[in-house]
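The next block holds one structure in the form of structure tokens; read it before the comments.
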Amino acid sequence: MQFFFEVTIGGLLSGVMYSLVALGFVLIYKASGVFNFAQGAMVYFAALTFAGIVDAGMPLYVAFVLSLVVMTILGILTERIVLRPLVNQPQITLFMATIGLTFFIEGLAQIFWGATTRRIDLGIQDEPIPWLLDQYNIVVSTFDLTAAALAGVLVAALAAFFQYTRIGRALRAVADDHQAAMSIGIPLQHIWAIIWGVAGFVALVAGMLWGARNGAQFALTFVALKALPVLILGGFTSVPGAIVGGLIIGASEKLAEVYIGPMVGGGIENWFPYVLALLFLLVRPEGLFGERHIDRV
Amino acid sequence: MFYRETGQFKTSYAADQQIFPIRQDRVGVALLLVFAYLVVPVIADQYWFSAILIPFLIFSLAALGLNILTGYAGQLSLGSAAFMAVGAFGAYNFMLRIPDMPVIPAFILGGLCAAAVGILFGLPSLRIKGFYLAVATLAAQFFVIWALTKFGWFSNYSSSGVITAQQIYLFGVFAVDTPAKKYLLTLFVVSVMALMAKNLVRSNTGRAWMAVRDMDVAAEVIGYPLMKTKLLAFAVSSFYCGVAGALSAYCFLGTVEPDYFTLDLSFKILFMIIIGGVGSILGSFLGAGFIVLLPIFLNITLHPLFGLLGIDISTAVVSNLELMVFGGLIIFFLAVEPHGLARLWQIGKEKLRIWPFPH
Amino acid sequence: MARQIGEVILDLKGISLSFGGVKALTDISFDVREHEVRAIIGPNGAGKSSMLNVINGVYHPQQGEIIFRGHHLRDMNTHAAAAAGIARTFQNIALFKGMSVLDNLMTGRNLKMKTNFLQQALWWGPARREELANRLKVEEVIDFLEIEHIRKTPVGRLPYGLQKRVELGRALAAEPAILLLDEPMAGMNVEEKQDMCRFILDVNDQFGTTIVLIEHDMGVVMDISDRVVVLDYGKKIGDGTPDEVRQNPEVIEAYLGTQH
């Protein structure tokens with residue numbers, strides 16, 4: 001029984017980390033209607049940048065600030081060079097452009113920082129929480145829990161930011177209707193810069209956490225791909241949806257691997273979230289929290 | 001001056017419907033085919049066959065397949081490599097388990113296996129569209145590769161799922177063992193299938209696909225059956241990718257593992273049709289050629305270029321630059337010429353028609 | 001020249017349609033006789049397009065029945081409608097923007113084409129013959145609508161008026177028994193309207209096609225229709241010849257106001 005708890009909790013915790021990555025997608029999509037496939041590459045780039053700066057001898061917080069600046073610049077450049085020329089094209093074209101962007105960023109990251117895995121040490125140990133182990137004999141990694149808590153705080157802060165601050169309102173206005181937002185004086189360029197800055201921040205945190213757990217390596221981009229099923233479950237436009245989706249994907253992936261995996265030789269984690277998302281799409285295409293889309297004739 | 005249509009009047013609808021209505025085009029294509037079938041096998045060397053020509057043909061075929069699904073029928077797919085894998089392993093198993101299995105039927109059967117898998121993973125397209133569908137095809141991509149690796153039966157229980165293509169004989173007698181012969185077999189298969197694809201897209205099937213792509217509600221009102229049209233697109237597209245996969249096993253790689261058919265390869269094929277031209281048969285070839293030649297081109301030019309600056313760059317840097325160039329070109333083409341090289345080719349021909357006048 | 005108006009070909013009884021809480025149509029009943037030109041008029045939002053959508057199966061009414069050529073149908077589906085010989089145009093042009101004029105018109109011939117995809121892939125033989133035979137038919141429509149000069153042009157590049165004409169052509173290519181036209185003259189200038197009117201009347205005259213049309217231009221409606229149905233807020237408030245409808249006080253109050 002406690003093994004089940006362990007697996008579930010472990011899955012939920014990694015699920016929260018998936019949510020972090022998904023959050024980056026949601027932010028960009030809400031603000032500009034673009035599905036930024038390159039979010040995964042940005043997480044990778046952020047992780048490498050952070051690790052690289054730390055390896056060059058900088059203290060952690062300096063590395064964090066510098067990486068944040070780099071990510072924001074990257075975001076703004078993306079908006080200017082990739083999205084703006086394509087502004088009137090159908091969504092699918094923009095999506096394909098972000099696939100191209102993915103390749104570009106991956107190549108850039110590896111030229112700059114090299115392709116070898118870099119370790120990130122955030123000072124949190126990946127060891128079982130003592131009292132849980134002693135009292136209930138459940139193994140839950142301290143790191144996982146801390147990371148999840150951090151991610152949770154971040155998500156809550158972002159949700160509050162969107163809901164209650166002036167800038168947050170402006171962001172929601174832009175997401176709803178660009179023209180209308182402009183006509184009431186909201187400066188679109190600034191807003192987009194802020195959005196990409198926030199998305200970059202989210203990518204950086206995700207990159208740091210995932211990088212500390214698994215190492216800053218190319219496989220990070222596949223982790224980011226897992227965010228897609230999260231979005232399908234949660235809806236592309238919903239911050240709470242990203243969390244719920246992440247939890248479901250994280251937990252179900254681990255449980256499937258542990259309980260169904262041995263029957264078929266393991267390795268289910270690779271495709272299970274996608275098949276789950278696929279089945280979900282057949283039943284509820286707009287996700288748990290997304291908006292229904294109706295075609296007008 | 002030379003590329004003129006004057007004097008070429010069409011007196012029947014049949015003449016108007018030809019694939020190449022302009023005589024110069026017909027002559028050009030005929031010459032190209034003669035050159036490809038008769039001259040190339042004699043003058044090309046091993047490197048040209050195995051590094052350029054054969055992969056170009058195989059990827060053109062896969063790009064054709066994806067173009068049918070994504071370009072003509074409008075169903076975005078990120079799983080083309082998975083269908084190639086099914087074709088490769090399917091053909092392998094038919095050759096392995098059925099004694100005296102002839103080559104072409106083995107390829108066709110491999111393609112049919114891929115078509116079946118394609119229909120299965122195409123079923124969601126009845127309810128979902130756009131990039132939701134793309135995510136569904138990702139499921140296909142990951143699942144198929146996992147299944148081919150995990151279930152040893154597919155690879156005859158070899159370690160890590162590696163298969164070695166058997167020696168193939170045409171009509172049971174002629175061994176296809178030299179690069180030149182493999183090239184000819186590939187060329188034959190690809191040219192026949194390209195012709196069939198062209199026929200398909202200019203007839204009612206092609207119109208059905210394009211109608212569903214452009215406005216599916218109107219297509220339904222006209223009487224096009226949405227389900228059958230979409231599933232047919234998945235089936236035909238996967239068939240083409242499957243045959244391309246079989247060809248890659250038997251005429252290109254020799255030894256194949258499921259991990260060759262990665263998501264990366266699926267993206268590459270997508271890039272081929274974006275750069276070459278979505279919704280264009282010619283575009284599939286142009287895009288494939290571009291993607292096959294680009295790494296070679298980069299390799300040749302970058303080393304001396306950086307050498308001039310006194311920098312010695314490693315192959316890792318070159319391959320990363322390759323990624324950046326791919327990505328950058330995709331963005332460039334989507335922004336500047338969304339219809340790709342095929343459209344640029346068309347524009348070029350238009351200019352040629354009125355040359356030497358500017359307009 | 002005189003067209004004989006025939007028996008009732010389409011009969012709609014008690015059609016009610018709602019979307020969630022919104023009632024688009026309430027208990028609408030009217031009939032359409034063969035070979036006539038039947039207009040549906042009414043203010044914006046009256047439910048006219050919804051009515052057409054019900055007739056050709058895009059929307060399914062919650063109540064009521066459709067009797068087409070004597071066959072009772074609980075509701076229609078788009079494929080059955082197309083197969084039964086009902087073709088239509090749309091308010092916002094629903095052409096296939098990626099295809100040429102010729103290809104768009106050829107799509108209208110879809111239900112007449114019987115070869116399967118394998119035959120088409122091989123081309124020589126039945127598929128080729130069928131394609132050429134249908135091309136011949138489509139060229140007749142092109143001739144009729146005077147659009148020879150643009151037959152290879154991608155429809156996305158055509159001006160609005162020509163696009164509307166091509167859409168009519170696509171509907172005509174199907175050789176329909178009933179033609180549903182949703183505001184065929186919207187957004188056109190005087191000359192384009194006159195052309196379109198001429199085409200519609202010619203279709204009705206030469207081919208005997210029954211026409212059900214939604215139109216806002218009262219002059220056109222009164223001129224070319226045999227009978228008119230008036231809708232307002234999803235209910236029928238008038239039904240009869242143009243003259244009868246013109247004098248109906250309810251209609252005047254709801255819609256006509258001052259005559260143009």
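The values are calculated or read from the model by the stated rules, or taken from the named source; none is laboratory data. Quick caveat: nothing in here was measured; it's all calculated off a predicted structure. Using ideal geometry, Cβ is built from the backbone for each residue, glycine included, and neighbour counts are taken over all protein chains shown.
Points worth noting:
- B:S248 being within 30 Å of A:R80 (Cα to Cα), touching a residue at least 60 places away in the same chain (Cβ under 8 Å), within 12 Å of the chain's Cα centre (by Cα) and crowded, with 18+ Cβ neighbours inside 10 Å: no
- Filter result (in a helix (DSSP H, G or I) and over 25 Å from B:N320 (Cα atoms)) within the stretch A:57-84: A:L60, A:Y61, A:V62, A:F64, A:V65, A:R84
- Number of the exception - A:A251 against (1) closer than 30 Å to A:G75 by Cβ; (2) in contact with a Gly (Cβ under 6 Å, 6 or more places away or on another chain); (3) at pLDDT 80 or above: (1)
- One residue alone among B:A115, B:A136 is free of Cβ contacts under 8 Å to residues at least 24 places away in the same chain, buried (at least 23 other Cβ atoms within 10 Å of the Cβ) and either within 23 Å of B:P225 (Cα to Cα) or within 18 Å of the chain's Cα centre (by Cα) (or both), and that residue is B:A136.
- Any hit, the stretch B:5-22, residues being touching a Ser or Thr at 6+ places or on another chain (Cβ under 7 Å), among the small types (G, A, S) and farther than 17 Å from B:K182 by Cα: no
- Restricting attention to the stretch B:201-232 and to residues that are of a type in the set (G, A, S) and closer than 15 Å to C:A87 by Cβ, the residue that is farthest from the other protein chains (Cβ to nearest Cβ) turns out to be B:A219.
- All positions within the stretch A:152-206 that are in contact with a Gly (Cβ under 6 Å, 6 or more places away or on another chain) and within 30 Å of A:A219 (Cα to Cα): A:W196, A:A199, A:G200, A:V202, A:A203
- Per-region count, the stretch C:19-29, residues modelled with pLDDT of 90 or more and surrounded by fewer than 21 Cβ atoms within 10 Å (Cβ to Cβ): 3
- Pairing residues of the stretch C:154-167 that are on the phi > 0 side of the Ramachandran plot with residues that are at pLDDT 90 or above, at Cβ distances under 7 Å and at least 6 apart in sequence or on separate chains, gives no pairs at all.
- Some residue of the stretch C:157-172 being over 20 Å from the mean Cα position of the chain (by Cα) and buried (at least 18 other Cβ atoms within 10 Å of the Cβ): yes
- Per this entry, B:F121 is counted among residues that are more than 8 Å from every other protein chain (Cβ to nearest Cβ) and closer than 30 Å to A:P285 by Cα.
- Boolean, B:Y157 is touching a residue at least 24 places away in the same chain (Cβ under 8 Å) and either touching a Gly at 6+ places or on another chain (Cβ under 6 Å) or farther than 30 Å from C:N56 by Cβ (or both): no
- Subset of the stretch C:94-132 (residues that are aliphatic (A, V, I, L, M), in a loop (DSSP other than H, G, I, E, B) and more than 7 Å from chain B (Cβ to nearest Cβ)): C:L95
- Inside the stretch C:61-74, residues that are under 18 Å from the mean Cα position of the chain (by Cα) and more than 24 Å from C:V230 (Cβ to Cβ) make up a count of 1.
- Whichever residue in the stretch A:94-109 is farther than 15 Å from B:D264 by Cα, facing chain B (nearest Cβ under 7 Å) and in contact (Cβ under 8 Å) with a residue 24 or more places away in the chain and, among such residues, is surrounded by the most Cβ atoms within 10 Å (Cβ to Cβ): A:L108
- The sole residue among B:A175, B:A197 that is without any contact (Cβ under 8 Å) to a residue 12 or more places away in the chain, small (G, A, S) and away from chain A (no Cβ under 14 Å) is B:A175.
- Test: residue in the stretch C:206-221 that is surrounded by 19 or more Cβ atoms within 10 Å (Cβ to Cβ), more than 14 Å from the chain's Cα centre (by Cα) and closer than 22 Å to C:I9 by Cβ: yes
- Of the listed requirements (1) surrounded by 15 or more Cβ atoms within 10 Å (Cβ to Cβ); (2) modelled with pLDDT under 85; (3) farther than 27 Å from B:A51 by Cα, B:S155 misses just one: (3).
- Filtered residues of the stretch C:83-93 (kept if within 9 Å of chain B (Cβ to nearest Cβ) and at pLDDT below 90): C:A83
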